[in-house]
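Let me begin by presenting the structure, written as structure tokens, before commenting on it.
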Amino acid sequence: MTETETTQAVFRLFCDFKREHDGAPPTVREINTAFGWSSSASAQNHLKKLERAGLLYRKDRRWCVRGGSWQMAPAFTEVDI
């Protein structure tokens, strides 16, 4: 899986998690567990990429989907990650 594909997978996981947990975002630890990563920096790096791409933002120490579009993840072809 390429770096971009992994970042896309993190975003899909993020949106799926929010749908399954009444809008609550996954923690960095939960993202790490889902991908089998041992370092929290791995998840943080992908979350920051999604923030730079305009898909996520931080509010009160939580990651949020810009525009509240977590119900239907946008097509990645429209956004340069």
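The values are calculated or read from the model by the stated rules, or taken from the named source; none is laboratory data. In this text, all values refer to a predicted model and were calculated from it rather than measured experimentally. A quick note on method: Cβ atoms are made from the backbone with ideal geometry, for glycine too, and the neighbour counts reach across all protein chains shown.
Residues of the stretch 11-43 that are surrounded by 14 or more Cβ atoms within 10 Å (Cβ to Cβ) and among the polar types (S, T, N, Q): T27, N32, S42. Among the residues of this structure, S42 does not count as one that is outside any helix (DSSP H, G or I) and among the polar types (S, T, N, Q). Applying the set (1) modelled with pLDDT of 90 or more; (2) exposed (fewer than 11 other Cβ atoms within 10 Å of the Cβ); (3) of a type outside the set (D, E, K, R) to Y57 leaves exactly one unmet item: (2).
Output the residue which, of all residues in the stretch 1-39 that are part of a loop (DSSP other than H, G, I, E, B) and in contact (Cβ under 8 Å) with a residue 12 or more places away in the chain, is nearest to W63 (Cα to Cα). Walk me through how you get there before you give the answer.
Residues of the stretch 1-39 that are part of a loop (DSSP other than H, G, I, E, B), as a first pass: 1-2, 21-27, 36-39.
If we keep only those that are in contact (Cβ under 8 Å) with a residue 12 or more places away in the chain too, we end up with 23, 25-26.
Values: G23: 11, P25: 7, P26: 8 Å.
Only one residue tops the list, namely P25.
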